[in-house]
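Structure record follows, encoded as structure tokens.
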Amino acid sequence: MHLGRTTLSKFLIQQLEGIEGSRDLGALLVDVAAAVKTISSMAAKGALGGLLGKAGTENVQGEQQVKLDVASNDVILKSCDWGGLVAGMASEELDDPYPIPAEYPRGRFLLVFDPLDGSSNADVNVSVGTIFSILRHDRKEAPKVEDFLQKGIEQVAAGYAIYGPSTMLVVTVGKGTHGFTLDREVGNFILTHPNLRIPEDTSEFAINTSNARFWEVPVHRYVTECQDGKSGERGRDFNMRWIASMVAEVHRILVRGGVFMYPRDTRDPEKPGRLRLMYEASPISFLVEQAGGAASTGRQRLMELLPHQLHQRVPVILGSKNEVERIVRYHWEHDKGIDRRYSSPLFNERSLFRPSAT
Ligand code: AHG
Ligand code: MN
Ligand code: MN
């Protein structure tokens, strides 16, 4: 009855043709998919699985870990460390890269991941996800931290899983962005969303407005114009969403368009953004670009940023191309001092007067 459906494995055999190391890359993606199925089943058990609540530990970024963060991290490590496919792994939940145990062979890829994205949502039964990025490591020696610090454009594959009403895996190997839905009865990921395309225009934006007092002027300008709706600069009404799971926001954008922002802010001068470059911004940017969208810091294409630290944070603005380009232009105009409406000294970052709709 399911004849003719495209499973993830079948899709990968076709899609990876012509890519160097395709067999190993395909096998690694299948290992990642196996981990994702396990995490999906753990997350779906909710309170019955005994994995809700805080783990009582902190990660390297000083964030409280929840039990599902730690469990998901272990599942991915154990799913991918034994098969001779990866040379090393790095995770949001590990201070340093995970070395492959001596008893296992080392492979030619590096796997970098956020095991559970949006983990503050786990306890309240809202969608969470897993984000991953695959890079090359063509040397025999075990990788050092520096070997992981590659630009987004160097990625050979990237993807995320979303654990929502259905579990989906969305991947790219640089040939479009494709979505698979987990058929729980059969245990297979089935291609359901081939060639996702993000509409170039949108009237939906996502940003955590509780941080508005810390935003830069160009972000204020954009959000104010959206809020002004029909009667303002944009001449149409906008809608807003904030789920606090980047995977869920990005999934919505891949399906129906939109713009997502976690921009640079002035909360903590040590942190130029909230999201992490290597296992959040980079892989998501790859997926978004492959679906015809754009991804920027506001001043630079995210995929071209050279990381200088494993857990480095970056400003993130991504989604529908024309909107992202508009926000990038607002940054540029601001930096050049030519954003007429907001160039008054009353409205600079240090002013008592914040830019508003008036
Ligand atoms: P993580 O749970 O992996 O730390 O990531 C959470 C991220 C991202 O998914 C989301 O967009 C953002 O943090 C939410 O942050 P706020 O709670 O500041 O809105
Ligand atoms: Mn995350
Ligand atoms: Mn996480």
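Has the range 169-182 got at least one residue that is within 16 Å of ligand 1 (Cβ to nearest atom) and touching a strand residue (DSSP E or B) at 6+ places or on another chain (Cβ under 6 Å)? Give the steps one after another, and end with the answer.
Taking the range 169-182 as the starting set, the residues that turn out to be within 16 Å of ligand 1 (Cβ to nearest atom) are 170.
Still in the list and also touching a strand residue (DSSP E or B) at 6+ places or on another chain (Cβ under 6 Å): 170.
Yes, there is a match, as at least one residue in the range 169-182 is within 16 Å of ligand 1 (Cβ to nearest atom) and touching a strand residue (DSSP E or B) at 6+ places or on another chain (Cβ under 6 Å).
Only one of (1) open to solvent by 50 Å² or more (accessible area, probe 1.4 Å); (2) hydroxyl-bearing (Ser, Thr, Tyr); (3) in contact with a strand residue (DSSP E or B) (Cβ under 6 Å, 6 or more places away or on another chain) fails for Ser120. Which number is that?
(3)
Name the one entry in Thr224, Thr266 that is among the polar types (S, T, N, Q) and at pLDDT below 95. Even if it seems obvious, please write down each step before you answer.
Working: Thr224 fails: at pLDDT below 95.
It is Thr266.
Assuming Gln312 fulfils every condition listed in (1) closer than 28 Å to Gly62 by Cβ; (2) touching a Leu at 6+ places or on another chain (Cβ under 6 Å); (3) in contact (Cβ under 8 Å) with a residue 60 or more places away in the chain apart from one, which condition is it?
So the condition that Gln312 fails would be (3).
Go over the candidates Ser285, Ser231, Ser296, Ser320 one by one and state the one that is within 12 Å of the chain's Cα centre (by Cα) and of a type in the set (Ser, Thr, Tyr).
Numbers: Ser231 fails: within 12 Å of the chain's Cα centre (by Cα); Ser296 fails: within 12 Å of the chain's Cα centre (by Cα); Ser320 fails: within 12 Å of the chain's Cα centre (by Cα).
Sole residue among the options that is within 12 Å of the chain's Cα centre (by Cα) and of a type in the set (Ser, Thr, Tyr): Ser285.
Restrict the check to the range 253-263 and report whether at least one residue is open to solvent by less than 20 Å² (accessible area, probe 1.4 Å), within 13 Å of ligand 1 (Cβ to nearest atom) and either part of a strand (DSSP E or B) or over 30 Å from Pro165 (Cα atoms) (or both). Before the answer, list the steps.
Just the residues of the range 253-263 that are open to solvent by less than 20 Å² (accessible area, probe 1.4 Å), to begin with: 253-254, 257-261, 263.
Going one step further and asking which of them are within 13 Å of ligand 1 (Cβ to nearest atom), we end up with 253, 260-261, 263.
Retained after the next criterion (residues that are either part of a strand (DSSP E or B) or over 30 Å from Pro165 (Cα atoms) (or both)): 260-261.
Within the range 253-263 (the criterion being open to solvent by less than 20 Å² (accessible area, probe 1.4 Å), within 13 Å of ligand 1 (Cβ to nearest atom) and either part of a strand (DSSP E or B) or over 30 Å from Pro165 (Cα atoms) (or both)), the answer is yes, since at least one residue qualifies.
Look through Gly298, Gly292 and report the one residue that is in a loop (DSSP other than H, G, I, E, B) and open to solvent by less than 10 Å² (accessible area, probe 1.4 Å).
Result of the check over Gly298, Gly292: Gly298.
Does the range 171-180 contain any residue that is over 22 Å from Asp31 (Cα atoms) and in contact with a helix residue (DSSP H, G or I) (Cβ under 8 Å, 6 or more places away or on another chain)? Spell out how you get there, then give the answer.
Residues of the range 171-180 over 22 Å from Asp31 (Cα atoms): none.
Checked against the condition, which is being over 22 Å from Asp31 (Cα atoms) and in contact with a helix residue (DSSP H, G or I) (Cβ under 8 Å, 6 or more places away or on another chain), the range 171-180 yields no hits at all.
Looking at Gln150, is it at pLDDT 95 or above, open to solvent by 10 Å² or more (accessible area, probe 1.4 Å) and not assigned by TED's automatic domain parsing to the domain that holds Ile284?
Working: at pLDDT 95 or above: yes; open to solvent by 10 Å² or more (accessible area, probe 1.4 Å): yes; not assigned by TED's automatic domain parsing to the domain that holds Ile284: yes.
Yes.
Give the residues of the range 263-316 that are in contact with a Gly (Cβ under 6 Å, 6 or more places away or on another chain), within 16 Å of ligand 3 (Cβ to nearest atom) and closer than 21 Å to Val217 by Cβ, sorted by residue number.
Arg313, Val314, listed by residue number.
Can you go through Gly176, Gly235 and tell me which one is under 30 Å from Asp339 (Cβ atoms), assigned to a loop (DSSP other than H, G, I, E, B) and either away from ligand 3 (no atom under 16 Å from the Cβ) or of a type outside the set (Ser, Thr, Tyr) (or both)? Full working, then the answer.
Values: Gly176 fails: under 30 Å from Asp339 (Cβ atoms).
After ruling out the rest, the residue left standing is Gly235.
For the range 123-133, enumerate the residues that are away from ligand 2 (no atom under 12 Å from the Cβ), buried (at least 24 other Cβ atoms within 10 Å of the Cβ) and of a type in the set (Val, Ile, Thr).
Quick first cut of the range 123-133, residues away from ligand 2 (no atom under 12 Å from the Cβ) only: 123-127, 133.
In the following step, the residues that additionally are buried (at least 24 other Cβ atoms within 10 Å of the Cβ) were identified as 133.
Within the range 123-133, none qualify.
The values are calculated or read from the model by the stated rules, or taken from the named source; none is laboratory data. Computed from a predicted model, the values in this text were never measured in an experiment. Reconstructed Cβ throughout: ideal geometry from the backbone, glycine too, with neighbour counts over all protein chains shown. Heavy atoms of the whole protein, side chains included, go into the accessibility calculation; ligands, DNA and RNA do not. Shrake-Rupley method; radii C 1.70, N 1.55, O 1.52, S 1.80 Å.
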